[in-house]
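Reviewing the structure listed below.
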Amino acid sequence: MKRLKQQAQSILAAYIELLKPNIMSLVMITTILGYYLGGNGSISWISLFFTLVGTALTSGGAGALNHYLERDADSLMKRTQNRPIPTGIILPSNALMFGIVLVLAGSSLLVWKVNTLTGFLSLLTAFLYVLVYTPMKKITWLNTSIGSIPGALPPMGGWAAATGHLDAGAWILFAIMFLWQHPHFYAIAWMCKDDYAKANFKMLPVIEPDGKRTIRQIFWHLTLLIPVSVLLYVEGSSGVIYAVGVIVLSIMFLFSALPLAKGKSVDGAKLLLKSSVIYLPVLLILIIVDKVL
């Protein structure tokens, strides 16, 4: 009995891993950000609940489908060789079915309980992530920019859930998220470039080992992030507290990339990655504080 219980727990943990919880948490944060800002600080808790559940299901399903499509590459990389499919804990066919069901369930729930636009954006996000970004990783280093498009859609989904349409503020949030993802994922690519090379992923740090273009890309997007993030104040979605706070936040994010540019080390990439992870929740806090005060 104890052994069966351990096996069940192991299988459950494997299916949870298929959902890519870390990515899902970022999706949830940015969806809330879009919902709160789109609703001008007003929240319908029932609507937000269904928005988050539907978005989580779709995001998790897309994660499972990514596991399925990259199962062979995952088996070649040290950082992913213990994932559920390469280890045989979950069959590829089961992961495929699991992912499809979750994506369809999540997008359908959003259409049914929230609105059609939110459901469409969620389904579009899954489509671009699974069927465009995933194969592009073996074709071109531009996969990072391509993958930043579905990664920037969740706040638009949150905005659409709150308003039923997309305003200028939603597109500004899209731009912020699009720019933010470049230093975030370039930091990961730098840290994992040896593994990515084994899987034949065309990440920029892999195809250009000296890192010059990678550093340029990081600073280019971080620099653009400063004026673009202020556009929420210019457009009128946020106030002075947000404007001042986001300028400071974005400049600190920019400065966190200096050790990587100087030393081109894994430690420098780790610092940039940590800064990128901190950036989003602090951005959400700034927006909430600005609305409350």
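The values are calculated or read from the model by the stated rules, or taken from the named source; none is laboratory data. In this text the structure is predicted, and so the values were computed from the model without any measurement. Positions of Cβ are backbone-derived with ideal geometry, glycine not excepted, and every protein chain shown enters the neighbour counts.
Numerical summary
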{"quantity": "Where Pro227 falls short, out of the listed (1) closer than 30 Å to Arg79 by Cα; (2) free of Cβ contacts under 8 Å to residues at least 24 places away in the same chain; (3) not hydroxyl-bearing (Ser, Thr, Tyr)", "calculated": "(1)"}
{"quantity": "Selection count where residues are buried (at least 18 other Cβ atoms within 10 Å of the Cβ), touching a residue at least 60 places away in the same chain (Cβ under 8 Å) and in a helix (DSSP H, G or I), scope region 247-267", "calculated": "2"}
{"quantity": "Qualifying residues in region 11-63 (those that are among the hydroxyl-bearing types (Ser, Thr, Tyr) and over 25 Å from Ile85 (Cα atoms)) - the one modelled with the lowest pLDDT", "calculated": "Ser42"}
{"quantity": "Qualifying residues in region 135-173 (those that are in contact (Cβ under 8 Å) with a residue 40 or more places away in the chain and of a type in the set (Ser, Thr, Tyr)) - the one surrounded by the fewest Cβ atoms within 10 Å (Cβ to Cβ)", "calculated": "Thr140"}
{"quantity": "Single unsatisfied condition, Val230 versus (1) closer than 15 Å to Leu286 by Cβ; (2) crowded, with 20+ Cβ neighbours inside 10 Å", "calculated": "(2)"}
{"quantity": "Entirely in region 21-78, the helices (runs of 4 or more DSSP H) that have 1 or more residues that are within 24 Å of Ile172 (Cα to Cα) and either hydrophobic (A, V, I, L, M, F, W, C) or in the same structural domain as Lys198 (by TED's automatic domain parsing) (or both)", "calculated": "21-38, 45-69"}
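Rundown of residues vs (1) buried (at least 24 other Cβ atoms within 10 Å of the Cβ); (2) of a type in the set (Ser, Thr, Tyr); (3) at positive phi, yes/no style:
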{"site": "Met24", "(1), (2), (3)": "no, no, no"}
{"site": "Ile46", "(1), (2), (3)": "no, no, no"}
{"site": "Thr55", "(1), (2), (3)": "yes, yes, no"}
{"site": "His67", "(1), (2), (3)": "yes, no, no"}
{"site": "Lys78", "(1), (2), (3)": "no, no, no"}
{"site": "Pro92", "(1), (2), (3)": "no, no, no"}
{"site": "Val101", "(1), (2), (3)": "no, no, no"}
{"site": "Lys113", "(1), (2), (3)": "no, no, no"}
{"site": "Ser122", "(1), (2), (3)": "yes, yes, no"}
